[in-house]
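Report on one structure; see the data block that follows.
The values are calculated or read from the model by the stated rules, or taken from the named source; none is laboratory data. If you're wondering where the values come from, they're calculated on a predicted model, not measured in any experiment. Glycine gets a Cβ as well: all are built from the backbone with ideal geometry, and neighbour counts include every protein chain shown.
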Amino acid sequence: MANRQHAVKRSVGPPGRSPAGDAFSALAIRVLRLGALLTEVGDALAEPAGQTSARWQVLAAAERAPATAAQIARALGLTRQSVQRVADLLERDGLAAYEDNPDDRRANLLCLTARGRAALATIQKAQRVWADELGAKVGRADLLRASEVLDSVLAAVQSRPPRGE
């Protein structure tokens with residue numbers, strides 16, 4: 001009877017998933033929801049500068065040094081094609097420019113123009129205020145602990161891609 005009660009207590013998620021699997025799935029749902037909210041907030045923070053979250057990410061990735069679309073994509077965990085599309089739009093709008101890449105003639109380097117740096121600075125100023133307010137509300141210690149847990153989860157997911165059963 002004790003085993004039966006234990007089995008009943010464990011069956012929170014789909015049949016056959018362990019309690020750790022249930023906990024991972026619950027975390028994944030929260031992370032996905034957080035990602036959606038951060039994109040929404042990012043769009044709101046970027047909008048006064050005439051940008052979107054996607055454009056902001058690419059601008060920020062090229063801020064320190066010129067980079068190829070592939071380098072930016074790897075840094076952001078995106079596809080090269082999606083970054084290339086955004087980079088081309090930034091270039092079209094005068095926020096970024098392409099320069100020759102001495103290491104690879106086929107992959108130009110994206111660098112920010114003065115207009116791009118000004119747009120990014122506007123977004124970063126608004127983001128600092130927002131991040132400071134939320135950081136104070138949640139607390140530095142909790143945020144650092146959450147970052148450590150997320151780093152652990154990221155490493156685990158990267159080391160164990162899904163496979164068909």
So Ala136 clears everything in (1) surrounded by 10 or more Cβ atoms within 10 Å (Cβ to Cβ); (2) among the small types (Gly, Ala, Ser); (3) over 20 Å from Arg30 (Cα atoms) except one condition, right? Which one? (1)
Would the range 59-72 turn up any residue that is acidic (Asp, Glu) and within 14 Å of Ala119 (Cα to Cα)? yes
Counted residues, the range 64-86 - those being touching a residue at least 24 places away in the same chain (Cβ under 8 Å) and buried (at least 16 other Cβ atoms within 10 Å of the Cβ): 7
Contact list please: Cβ distance under 6 Å, first residue in the range 16-38 and farther than 29 Å from Ala131 by Cβ, second residue at pLDDT below 95, pairs at least six apart or on different chains. Pro19/Arg10; Asp22/Val12; Asp22/Gly13
How many residues are hydrophobic (A, V, I, L, M, F, W, C) and in a helix (DSSP H, G or I) if we restrict to the range 92-139? 13
Quick one: which of Leu59, Leu89 is surrounded by fewer than 21 Cβ atoms within 10 Å (Cβ to Cβ), out of contact with any Asp or Glu (no Cβ under 7 Å at 6 or more places or on another chain), assigned to a helix (DSSP H, G or I) and at pLDDT 95 or above? Leu89
Which numbered condition trips up Val153, out of (1) touching a residue at least 12 places away in the same chain (Cβ under 8 Å); (2) within 28 Å of Leu45 (Cβ to Cβ); (3) loosely packed, with under 12 Cβ neighbours inside 10 Å? (3)
